[in-house]
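Engineer: Sharing a structure, written as structure tokens. Questions coming.
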Amino acid sequence: MGIISRGFQGRRRGDDDRLPPGQYLVDDFPVLSTGPTPRIPLERWEFAIDTEAGQTHRWSWPELMALPQETPTVDIHCVTKWSKLGTGWQGVSLDTLFEDVESAAEYALAYSYGGYTTNLPLEDLLDGKAWIVHKFDGEELEPRHGGPARLLVPHLYLWKSAKWIHGIRLLDEDWPGFWETAGYHNYGDPWREQRYEGD
Amino acid sequence: MRRLTWRPARLTALRDETGSARTLVFRVPDWPGHLAGQHVDVRLTADDGYSAQRSYSVAAPADGDTVELTVERVPDGEVSPYLTEVMEPGDQVEIRGPVGGWFVWRPESTSPVLLVAGGSGIVPLMAMIRARRRAGSRVPFRLLYSLREPGSRYYAEELRRPDAGLDVGYIYTRAAPDGWPRPAGRILLDDLAEGGWPAGFEPECYVCGPTGFVEATADLLLALGHAPERIRTERFGPTGD
Amino acid sequence: MTAEHLDGNSLAGPLSEIFAVDVTAAVGRCASCGLTGPVAELRVYGPEPGLVARCPGCDEVVLRLVRGPGAAWLDLRGAVSLRVRLPE
Ligand SMILES: Cc1cc2nc3c(=O)[nH]c(=O)nc-3n(C[C@H](O)[C@H](O)[C@H](O)COP(=O)(O)OP(=O)(O)OC[C@H]3O[C@@H](n4cnc5c(N)ncnc54)[C@H](O)[C@@H]3O)c2cc1C
């Protein structure tokens, strides 16, 4: 540990057993970015699932809105150590989107407007564990938080919940994404503190 | 070989520049010296090991083991309120630097210089002004300093004193002093056309401040015909503005 | 206009942990659009979760740097080459 700065607290508070190891609570919603914030007009927005067999399933914005909506309330954990508890979202479960998709793939690569990518095992997107969300706290999701729509996979560190989601590609082999190829952990379970490669 | 590591730095003196900005003077044993315009990274560590780091420009030319910073308090910030409100002489931080070899002014340089500061962006530009004075350089300098109101001026006394070859102009964005010829407002093409150097003089332009300010100013300088390679920028990040 | 990024200058500290020379003054070429310029003029996003430096011409990623405990990861695949000034 370095030299201690007397009286320095930092922006941290709270001890809560809903917090994974090494995390602290924040009241605000920090914005972390890897590039300029994309602006995607809703008329041109689309979400796609591309299967390993080369089939593509697409949804326009009105089509996404017409699907059954869920309102998950979840805790979110960022690898940079902040967490927010009990955040409220609205969107479509990936189970709904995957209903007519035929696939034997094990891996998924989420890709975003703006070029961001992140990889996950496909099973982590199913069984009520993930959503495409477009509302936060009852309001339309702001562009800086990933609007019009982002992936939400709250049981993994938040970099897996790709902002400005554009589609999900299903793959037979794992394909590490943007941060996973630059030192971050391939899976990213906050409860096992899988922050960096090798953790 | 000069790979940098963190060095302990002890605060030796404090000076308030404005109601919200403070100059901090640190003693850093074995400090290797620095160039005007360079910055350092400052790291704070809490007693439980939590740490945070931020960048700060060096405010004055090299002087032995002394490193001088000027920090603006950002409301609700994590690091700047500690530096400007909590720290007292004798307290320690860690410093890594000096770093940055691009946004620097060297006393042997002979081109005229245009400095454009927005708010706390004055800090590295002041280091250049001080380095010029210290070196006895005759290179003509112009400073355009954009700030909210007269009370937010850093180094007010020092900038008021005559310094041969240095012209200083102010742009007030919120409230100008009584009788000030220019209405309060953001920097415009005319400010740079009148208060800067003609592009034909081929000045070195240094622009520093909040990201939005730097962006706008660099665009205006390009529009006035300054070559991109002579416009050097240092963005400090977003502002609450 | 975005007001989110910093200049490549801000990479100087993090890169100084890895290199003995100042890499921000080095001149690089973007692998995507070919624009040439100093690292100091890249557009830097971050610092967390990692530093991402993009080309001011085409916004493609030129450099990425992640600092973890006990290791750093550096990706320069967006740069064709870097010209670093060195003494004779
Ligand atoms: C190369 C470089 C040199 C710098 N030199 C200086 C310097 O000489 N003096 C100096 O005071 N600062 C300087 N800065 C800015 C400094 O690094 C910090 O960003 C600043 O002190 C805020 O840190 P914080 O921890 O207090 O706020 P944070 O906790 O980081 O931010 C708190 C909130 O305030 C917002 N915010 C961030 N910065 C500002 C701002 N400037 N004004 C208003 N709101 C803001 C953020 O978006 C955030 O929402 C420099 C930055 C860089 C990259």
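The values are calculated or read from the model by the stated rules, or taken from the named source; none is laboratory data. All values reported here derive from a predicted model rather than from experimental measurement. Cβ sites come from the backbone with ideal geometry, for glycine too, and all protein chains shown count toward neighbours.
Engineer: Kindly evaluate B:Asp163 against the criterion of being without any contact (Cβ under 8 Å) to a residue 12 or more places away in the chain, of a type outside the set (S, T, N, Q) and surrounded by fewer than 19 Cβ atoms within 10 Å (Cβ to Cβ). Even if it seems obvious, please write down each step before you answer.
Structural biologist: Details: without any contact (Cβ under 8 Å) to a residue 12 or more places away in the chain: no; of a type outside the set (S, T, N, Q): yes; surrounded by fewer than 19 Cβ atoms within 10 Å (Cβ to Cβ): yes.
The answer is no for B:Asp163.
Engineer: For the stretch A:30-76: of the residues being among the polar types (S, T, N, Q) and within 16 Å of the ligand (Cβ to nearest atom), which is nearest to C:Tyr45 (Cα to Cα)?
Structural biologist: Kept after step one, since they are among the polar types (S, T, N, Q), are these residues of the stretch A:30-76: A:33-34, A:37, A:51, A:55-56, A:60, A:69, A:71, A:73.
Checking the rest, the ones that are also within 16 Å of the ligand (Cβ to nearest atom) come to A:33, A:37.
On the way: A:Ser33: 6, A:Thr37: 11 Å.
Ranking the qualifying residues of the stretch A:30-76, first place goes to A:Ser33.
Engineer: Might you let me know whether the stretch B:196-207 holds any residue that is within 15 Å of the ligand (Cβ to nearest atom) and within 30 Å of C:Ala26 (Cβ to Cβ)?
Structural biologist: Pass one, the stretch B:196-207, residues within 15 Å of the ligand (Cβ to nearest atom): B:206-207.
Filter again for within 30 Å of C:Ala26 (Cβ to Cβ), leaving B:206-207.
There is at least one residue in the stretch B:196-207 that is within 15 Å of the ligand (Cβ to nearest atom) and within 30 Å of C:Ala26 (Cβ to Cβ).
Engineer: Just one of B:Asp190, B:Asp178, B:Asp167 is more than 16 Å from the ligand (Cβ to nearest atom), farther than 28 Å from B:Leu11 by Cβ, under 19 Å from the mean Cα position of the chain (by Cα) and not hydrophobic (A, V, I, L, M, F, W, C); which is it? First the steps, then the outcome.
Structural biologist: Values: B:Asp190 fails: under 19 Å from the mean Cα position of the chain (by Cα); B:Asp178 fails: under 19 Å from the mean Cα position of the chain (by Cα).
Of the residues listed, the single one that is more than 16 Å from the ligand (Cβ to nearest atom), farther than 28 Å from B:Leu11 by Cβ, under 19 Å from the mean Cα position of the chain (by Cα) and not hydrophobic (A, V, I, L, M, F, W, C) is B:Asp167.
Engineer: For A:Tyr24, state whether it is more than 16 Å from the ligand (Cβ to nearest atom), touching a residue at least 40 places away in the same chain (Cβ under 8 Å) and farther than 17 Å from A:Trp164 by Cα. Step through it out loud before you land on a result.
Structural biologist: Numbers: more than 16 Å from the ligand (Cβ to nearest atom): no; touching a residue at least 40 places away in the same chain (Cβ under 8 Å): yes; farther than 17 Å from A:Trp164 by Cα: yes.
Against the criterion (more than 16 Å from the ligand (Cβ to nearest atom), touching a residue at least 40 places away in the same chain (Cβ under 8 Å) and farther than 17 Å from A:Trp164 by Cα), A:Tyr24 does not qualify.
Engineer: Just a yes or no: is a residue in the stretch C:25-35 closer than 29 Å to A:Arg195 by Cα, away from the ligand (no atom under 16 Å from the Cβ), in contact (Cβ under 8 Å) with a residue 40 or more places away in the chain and surrounded by 15 or more Cβ atoms within 10 Å (Cβ to Cβ)?
Structural biologist: Within the stretch C:25-35, the subset closer than 29 Å to A:Arg195 by Cα is none.
No, the stretch C:25-35 contains no residue that is closer than 29 Å to A:Arg195 by Cα, away from the ligand (no atom under 16 Å from the Cβ), in contact (Cβ under 8 Å) with a residue 40 or more places away in the chain and surrounded by 15 or more Cβ atoms within 10 Å (Cβ to Cβ).
Engineer: Right, something else. Under 6 Å by Cβ, and 6 or more places apart or on different chains, what pairs join a residue from the stretch B:93-117 that is facing chain C (nearest Cβ under 9 Å) with one that is surrounded by fewer than 21 Cβ atoms within 10 Å (Cβ to Cβ) and of a type outside the set (Ser, Thr, Tyr)?
Structural biologist: B:Arg96/B:Trp6; B:Gly101/C:Ala25; B:Trp102/C:Ala25; B:Val104/B:Leu35
Engineer: Step by step: first the residues of the stretch B:77-87, then only those that are crowded, with 21+ Cβ neighbours inside 10 Å and among the aliphatic types (A, V, I, L, M), then the one that is farthest from the ligand (Cβ to nearest atom). Which residue is that?
Structural biologist: Here the residue is B:Met87.
Engineer: Here is a follow-up. Out of B:Leu125, B:Leu147, which single residue is in contact with a helix residue (DSSP H, G or I) (Cβ under 9 Å, 6 or more places away or on another chain) and either closer than 14 Å to B:Ala184 by Cβ or of a type in the set (A, V, I, L, M, F, W, C) (or both)?
Structural biologist: Details: B:Leu125 fails: in contact with a helix residue (DSSP H, G or I) (Cβ under 9 Å, 6 or more places away or on another chain).
Selected residue: B:Leu147, the only one of B:Leu125, B:Leu147 that is in contact with a helix residue (DSSP H, G or I) (Cβ under 9 Å, 6 or more places away or on another chain) and either closer than 14 Å to B:Ala184 by Cβ or of a type in the set (A, V, I, L, M, F, W, C) (or both).
Engineer: Could you grab me the full set of residues in the stretch B:49-60 that are modelled with pLDDT of 95 or more and either outside any strand (DSSP E or B) or not assigned by TED's automatic domain parsing to the domain that holds B:Ser20 (or both)?
Structural biologist: Correct list: B:Ala59, B:Ala60.
Engineer: Among the residues of the stretch B:45-84, count how many are more than 8 Å from every other protein chain (Cβ to nearest Cβ), charged (D, E, K, R) and touching a Lys or Arg at 6+ places or on another chain (Cβ under 7 Å).
Structural biologist: 1
Engineer: Restrict the check to the stretch B:34-43 and report whether at least one residue is within 10 Å of the ligand (Cβ to nearest atom), surrounded by fewer than 19 Cβ atoms within 10 Å (Cβ to Cβ) and either modelled with pLDDT of 95 or more or not assigned by TED's automatic domain parsing to the domain that holds B:Ile171 (or both).
Structural biologist: No, there is no match, as no residue in the stretch B:34-43 is within 10 Å of the ligand (Cβ to nearest atom), surrounded by fewer than 19 Cβ atoms within 10 Å (Cβ to Cβ) and either modelled with pLDDT of 95 or more or not assigned by TED's automatic domain parsing to the domain that holds B:Ile171 (or both).
Engineer: Sticking with this structure for a sec: Which residue, of C:Ala25, C:Ala40, is within 14 Å of chain B (Cβ to nearest Cβ) and closer than 20 Å to A:Thr34 by Cβ?
Structural biologist: Working: C:Ala25 fails: closer than 20 Å to A:Thr34 by Cβ.
Going through C:Ala25, C:Ala40 in turn, the sole match is C:Ala40.
Engineer: Which members of the stretch A:168-199 meet the condition of being more than 14 Å from chain C (Cβ to nearest Cβ) and surrounded by fewer than 21 Cβ atoms within 10 Å (Cβ to Cβ)? I'd like the intermediate steps shown before the answer.
Structural biologist: Our first condition is that a residue be more than 14 Å from chain C (Cβ to nearest Cβ); within the stretch A:168-199, this holds for A:168-175, A:187, A:189, A:191-192.
Selection gives A:Arg169, A:Leu171, A:Asp172, A:Glu173, A:Asp174, A:Trp175, A:Tyr187, A:Asp189, A:Trp191, A:Arg192.
Engineer: Right, here's the next one. Counting only residues that are crowded, with 17+ Cβ neighbours inside 10 Å and touching a helix residue (DSSP H, G or I) at 6+ places or on another chain (Cβ under 8 Å), give me the strands (runs of 3 or more DSSP E) lying completely in the stretch A:90-154 with at least 2 of them.
Structural biologist: Per the criteria, A:107-112, A:117-121, A:131-136.
Engineer: Just wondering, is there one or more residues in the stretch B:155-176 that are within 14 Å of chain C (Cβ to nearest Cβ) and out of contact with any Cys (no Cβ under 8 Å at 6 or more places or on another chain)? Let's see the steps before the verdict.
Structural biologist: From the stretch B:155-176, those within 14 Å of chain C (Cβ to nearest Cβ) are none; that's our starting set.
No: zero hits.
Engineer: Looking only at the stretch B:60-76, filter to residues that are within 23 Å of A:Gly7 (Cβ to Cβ) and under 12 Å from the mean Cα position of the chain (by Cα); which one of those is farthest from the ligand (Cβ to nearest atom)?
Structural biologist: Step by step, filter the stretch B:60-76, then rank; the result is B:Glu68.
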